[in-house]
1. Please give the number of the condition S116 fails out of (1) under 30 Å from G232 (Cβ atoms); (2) surrounded by fewer than 17 Cβ atoms within 10 Å (Cβ to Cβ).
2. Quick one: would you say E108 is in contact with a strand residue (DSSP E or B) (Cβ under 8 Å, 6 or more places away or on another chain) and free of Cβ contacts under 8 Å to residues at least 12 places away in the same chain?
3. Restricting attention to segment 39-46, does a residue exist that is among the β-branched types (V, I, T), in the same structural domain as D96 (by TED's automatic domain parsing) and touching a strand residue (DSSP E or B) at 6+ places or on another chain (Cβ under 9 Å)?
4. Report, by residue number, each residue of segment 63-98 that is of a type in the set (D, E) and not in a loop (DSSP other than H, G, I, E, B).
5. Can you pull out the residues in segment 14-45 that are part of a loop (DSSP other than H, G, I, E, B) and free of Cβ contacts under 8 Å to residues at least 60 places away in the same chain?
6. If the requirement is being under 30 Å from V259 (Cα atoms), of a type in the set (S, T, N, Q) and in contact (Cβ under 8 Å) with a residue 12 or more places away in the chain, which of these qualifies: N113, N81?
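The values are calculated or read from the model by the stated rules, or taken from the named source; none is laboratory data. Here the structure is a predicted model, which means the values were calculated and not measured. Positions of Cβ are backbone-derived with ideal geometry, glycine not excepted, and every protein chain shown enters the neighbour counts.
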Amino acid sequence: MKPKVLVILAVYNGEKYLREQLDSIFAQEGVEVSIFATDDGSTDSTIAILEEYKKNHSLTIYNHGEPHEFTYNFIDAVFANKDSSFDYYAFSDQDDVWMPNKLISAIEMMKDNNKSVYSSNLTIVDENLNGEALMNDDSIQKCNKYNAVFENIATGCTIVFSKSFFDLLVGYYPKNIYLHDYWVYLLGIYTDNYIYDSRSFIKYRQHANNQIGDSSKKSMKTYYKKFKASKGHQRVLCQQLLEGYREQIGEENAAIVEVMANYKKKFSYRWKLMFSRKYKKRNHNFFKVIKLVLGKY
């Protein structure tokens, strides 16, 4: 029997590329796919396109009322399916193209490694799907529980997770967080459930309307732009993780997370994040120190 997968698709005025995304999801091999499309108040033909596909496919259209920013578009969609019983769940953007073996490859890798949440590399393409560069290089192998408090390596549209992890995820509703995929990554890595795949099964389209886009660019200008936009997201994510899942992640992992969660209250924590060899980012550690001094994490 094929695994049943619910793909949570967040949409907002996505008419330009939505058909290609939907076609690639419903063309997935080795799985039985359903889509839960959560709309954030589209004013173009997005809903009409979804209604068209709904006639011949397993597709639910969900309007959560007041417009959300994209983080809670995904999170509220997860909780809207709290009582569902799919074997696996996945996140999707509205403008990419998936390879036919994207979902089954994730499922097989999780099974082979006894893990319950997965993310992968991506192939960066332009709006016409031209390009073959991978987003993540080999330095991503350096990522671990310590630098997870600084950076997220799980891009949302590559994330797949099992029913057991889904049940864990809906056990606590996070408040005021930024980036649903970072939240899933933290919960996954600190419960020892996460696995990363260096392969790519997705064409990750870059265009003017991307909410996040390619994070692999390593220019000084890019670092400075990220620095200016810093608003303490990591600290809030870690605080919420401790509030909702301290028991599940265990005291050893909680101690790692605690350092980021409360570094603004304890100088010893801030010093540890700045200079400990364990709490080391893959790149731009100079900006890491400056952000910590200014309380930007």
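1. (2)
2. Values: in contact with a strand residue (DSSP E or B) (Cβ under 8 Å, 6 or more places away or on another chain): no; free of Cβ contacts under 8 Å to residues at least 12 places away in the same chain: yes.
For E108, the condition - in contact with a strand residue (DSSP E or B) (Cβ under 8 Å, 6 or more places away or on another chain) and free of Cβ contacts under 8 Å to residues at least 12 places away in the same chain - is not met.
3. yes
4. Here is the first cut: in segment 63-98, the ones of a type in the set (D, E) are 66, 69, 76, 83, 87, 93, 95-96.
D76, the sole residue that qualifies.
5. Selection gives E15, D40, G41, S42, T43, D44, S45.
6. Going through N113, N81 in turn, just one is under 30 Å from V259 (Cα atoms), of a type in the set (S, T, N, Q) and in contact (Cβ under 8 Å) with a residue 12 or more places away in the chain: N113.
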